[in-house]
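First comes the structure, then the notes that go with it.
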Amino acid sequence: MSSPSRQRRRRAVSTARRGVAFVCVLLSRTFSATAAAMLEESSSSSASSSSSSSSSSSLMEAHAQTLEALVVAPRGTLNAETRTRTLKTLMEETSRAPTLDALRERAKEDAVRRARTREEEGNATETTDEEEKKSETEEWRIARESLYVLSALKHVGLIRKEWLAGHAAYEKLTEGDEDGWERSALERAALMGDAWARTALGHRLLKGYGGFAKDEEQALTLLRDVATEGLERGPTTYELESPSGAEWLRDRERDAGWVSESVASKAMDQLAMELDAAARGDDGAHALLGYRALVGGRGLDQDEGAAFRHFEEAAQRAGLPAAHYNLGFMYMNGMGTEQNYTAAREHFLHAVATGGIAPAYNGLGVLAFNGLVGEQNYTEAMHFFEKASELDDPDGYFNLAQMYHSGHGVEANATYALEIMERASELGHWRAPYELGMTYSQDVVIPKNVSKAANLFHIFIEERFEWDKERNNAIEEVLLNRNAWGALVRYALVASLGSESAANNVVWLLRKSNAYTEDDRYELAARMLREIIVCYNSPEARVDLGDILSARKARPDLMFDLEKNYEQVGPNASTYDVSAANHYAAAAFNDKPYAEALVNLGWAHFLGAGVTVNASRSFELFEAATNASINAYEATPCVIAAVIAKLWLLAASLSLRLNLGSLHLPSDHFAEKQLANIPSTRAAMSVVEVIRAIEVLERYLLFGLTAALAIVIVYRAMLPSQ
């Protein structure tokens, strides 16, 4: 049974930009001279940084090799010797880090120094920044990264005390707290400036889990600072492609049509088909190859010149609107060709006229807003941004919000600008969450909302710091490399940041793979699921936790699993079954009923597992699950459950008449029937009763076969045409 729509977990993304190889236009201010200069400075500093690191990179290379050794497990499970050796190496690297107390003291001193700096004039701020940069030596960066890695793995439970105890660096790592040292390690890494550690710490303070008391103000400060750093990094590939959706491994066994988007996009056979089609003159293939070459990492190296030629071929031969739009984008940015705003406008106009391409309207608005072709014209820019937003283009909404906020060509209206910006964020604009986060954190346009602001900054960080690439690497470890341990480590590192999908995939790997084979694997999975429930109130997590508890694979947490009991708990029920039923009920009767939870709760009533035995209630829940399903794939198991339950009930009734038992069904199902009067031998049963029983059985078998045939027909109808 598949999970609900991914829109519940992440903001919707414009499918057009991915499906037909669109390239999202950058926001208007990106084309200012300031932004361009910042990008050039970023590139040059990156180059100089790379050059300096090459002269003293032996430590970094050794560190990279250690991290690589941690995730490489050809047989899916890292052998004990390699695992222990690698973890000890990471632990030795952390010995270069100051203690937690020393870092806290340093943080206080830095805060005082910054406060003084704000009161003074001159270039003191620049001096402070330079001092901070000098303090970040290679050893410093290695130590903080190793602290984060060890903290994340320990939090999930992938590090056991006996693996590291007795080592010389262990005492310094744990700082006297052998059970909860991952918290101090995380805080140390955060105080040393590690962006991932600060994000992870901010998320735990925001939600109040992992041994940290809830502190939304401190969480907001941490997440806002990291988000601001992400913004200052300049444009990234997210302006060329939308972040890929979060993929859940649990869907593999619930949805027959599940395909990994990450793996499919890099499939070499698909690339070979596109190359062959392009060679035979297929214009659509040229557009797809152009997109691959522009973005890179999809079987082709990034090559803007090649991308431009592919788009040009598709535009000239077939006049594809999407190809014209992409050419306009590349002309406007000087990608693969000389910058030419006039040519960009011509291609945008062609894309609008022939295909109504929403981003092309936005591109025309950008040109008009900045006066890149003719004079600056706010009225024309407003017109094009409105046309783009009417077609649900996130960039159109974002730029329209900016115009209303600043009063360009229209009377300033901050409240309406906020409303439009919310829509841009829902549609997946890369910068909108940051702008909204700043608005909700300032108490100017609307009352301050610390929790919402922090969550928005967290969304921005997730997309800006490219978590999806880490998740994609992890899922490729599972599907392509058969390296479950490597996937588990990668997912653990991202899960620690506050990624719901990564956390769920950690649980799936603990339960379903050979990545971690210790006896406490299900206890670790149950603990992680409880954290997911606390942070996201995830119905999937509740169902998975219920399944683990009902199977007696993990012990119930009396404070958590029995916090609110389901109203129809059965008498003398097992704590395991009651805990499972509580989680099924919580997911089943949520704001959005979850079909899988309804089915599981229906079976619990049918079998008397922790709840009252009630066949009528079971069938009501099966029907409710069918109605709550979002597609035919999800509805099919609900219908099958109802058919199986009816056939089972009928067969059990007949079996009782034949004195063969109730086929493992609770006797309460048959309490109202006068079974006590049934003769004790089969010979005493009348021929008429046997015939009637056979007729009833045939009727239900016919019903079952008809339903099965209907399901097959529906499934065949849903298959894509060849």
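Summary table below
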read-out: Some residue of the range 471-478 being over 30 Å from GLU518 (Cβ atoms) and either touching a residue at least 40 places away in the same chain (Cβ under 8 Å) or of a type in the set (Val, Ile, Thr) (or both); value: no
read-out: Residue list for the range 494-520, filter: crowded, with 20+ Cβ neighbours inside 10 Å and free of Cβ contacts under 8 Å to residues at least 24 places away in the same chain; value: LEU510
read-out: Tabulated pairs, the range 83-101, first closer than 18 Å to HIS63 by Cβ and assigned to a loop (DSSP other than H, G, I, E, B), second modelled with pLDDT under 90 and of a type in the set (D, E, K, R), C-beta under 8 angstrom, 6+ apart or interchain; value: SER95/LYS172; ARG96/GLU139
read-out: Identity of the residue in the range 359-380, touching a Ser or Thr at 6+ places or on another chain (Cβ under 8 Å) and of a type outside the set (Val, Ile, Thr), that ends up nearest to ASN340 (Cα to Cα); value: ASN370
read-out: GLY157 modelled with pLDDT of 85 or more, under 24 Å from TRP485 (Cα atoms) and not hydroxyl-bearing (Ser, Thr, Tyr); value: yes
read-out: Hey, ALA645 buried (at least 20 other Cβ atoms within 10 Å of the Cβ), at pLDDT 90 or above, over 35 Å from the mean Cα position of the chain (by Cα) and over 19 Å from PRO593 (Cα atoms) or not; value: yes
read-out: Checking LEU545 against (1) out of contact with any Leu (no Cβ under 9 Å at 6 or more places or on another chain); (2) among the hydrophobic types (A, V, I, L, M, F, W, C); (3) closer than 30 Å to GLY202 by Cβ, the condition it does not meet; value: (1)
read-out: Residue check, SER653 crowded, with 17+ Cβ neighbours inside 10 Å, assigned to a helix (DSSP H, G or I), without any contact (Cβ under 8 Å) to a residue 24 or more places away in the chain and polar (S, T, N, Q); value: yes
read-out: Checking SER662 against (1) within 30 Å of THR575 (Cβ to Cβ); (2) at pLDDT 90 or above, the condition it does not meet; value: (2)
read-out: Residue among GLY374, GLY396 that is more than 28 Å from the chain's Cα centre (by Cα) and either surrounded by fewer than 20 Cβ atoms within 10 Å (Cβ to Cβ) or under 17 Å from ALA424 (Cα atoms) (or both); value: GLY374
read-out: Where a residue in the range 147-170 is within 16 Å of GLU93 (Cα to Cα) and its partner, wherever it lies, is small (Gly, Ala, Ser) and surrounded by fewer than 20 Cβ atoms within 10 Å (Cβ to Cβ), with Cβ under 6 Å and at least six apart; value: ALA169/SER95
read-out: Residue match in the range 623-637 (condition: in a helix (DSSP H, G or I), touching a Pro at 6+ places or on another chain (Cβ under 7 Å) and more than 23 Å from PRO571 (Cβ to Cβ)); value: yes
read-out: Within the range 598-625, tally of residues that are of a type in the set (S, T, N, Q) and either within 14 Å of LYS646 (Cβ to Cβ) or touching an Asp or Glu at 6+ places or on another chain (Cβ under 7 Å) (or both); value: 2
read-out: In the range 167-212, the residues that are out of contact with any Lys or Arg (no Cβ under 7 Å at 6 or more places or on another chain) and part of a loop (DSSP other than H, G, I, E, B); value: ALA168, ALA169, GLU175, GLY176, ASP177, ASP179, GLY180, TYR209
read-out: Residue check, ALA412 aliphatic (A, V, I, L, M) and buried (at least 17 other Cβ atoms within 10 Å of the Cβ); value: no
read-out: Among (1) modelled with pLDDT of 90 or more; (2) within 23 Å of ILE533 (Cβ to Cβ); (3) touching a Pro at 6+ places or on another chain (Cβ under 9 Å), the one test that PHE460 misses; value: (2)
read-out: GLU68 being closer than 27 Å to ALA190 by Cβ, modelled with pLDDT of 90 or more and among the charged types (D, E, K, R); value: no
read-out: Criterion (surrounded by fewer than 21 Cβ atoms within 10 Å (Cβ to Cβ), of a type outside the set (A, V, I, L, M, F, W, C) and in a helix (DSSP H, G or I)) met by exactly one of ARG530, ARG490, ARG542, ARG552; value: ARG530
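Here's the yes/no breakdown for (1) under 28 Å from the mean Cα position of the chain (by Cα); (2) part of a helix (DSSP H, G or I); (3) over 16 Å from ARG542 (Cβ atoms):
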| position | (1), (2), (3) |
| --- | --- |
| ASN590 | yes, no, no |
| GLU596 | yes, yes, no |
| LEU601 | yes, yes, no |
| SER616 | no, yes, yes |
| PHE619 | no, yes, yes |
| HIS664 | no, no, yes |
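Condition check ((1) surrounded by fewer than 17 Cβ atoms within 10 Å (Cβ to Cβ); (2) at pLDDT 85 or above) across all residues:
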| position | (1), (2) |
| --- | --- |
| GLY290 | no, no |
| GLU313 | no, no |
| GLY334 | yes, yes |
| ARG345 | no, yes |
| THR354 | yes, yes |
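The values are calculated or read from the model by the stated rules, or taken from the named source; none is laboratory data. On a predicted model such as this, the values are computed, not experimentally measured, just so you know. With ideal geometry, Cβ positions are generated from the backbone for all residues, glycine too; neighbour counts draw on all protein chains shown.
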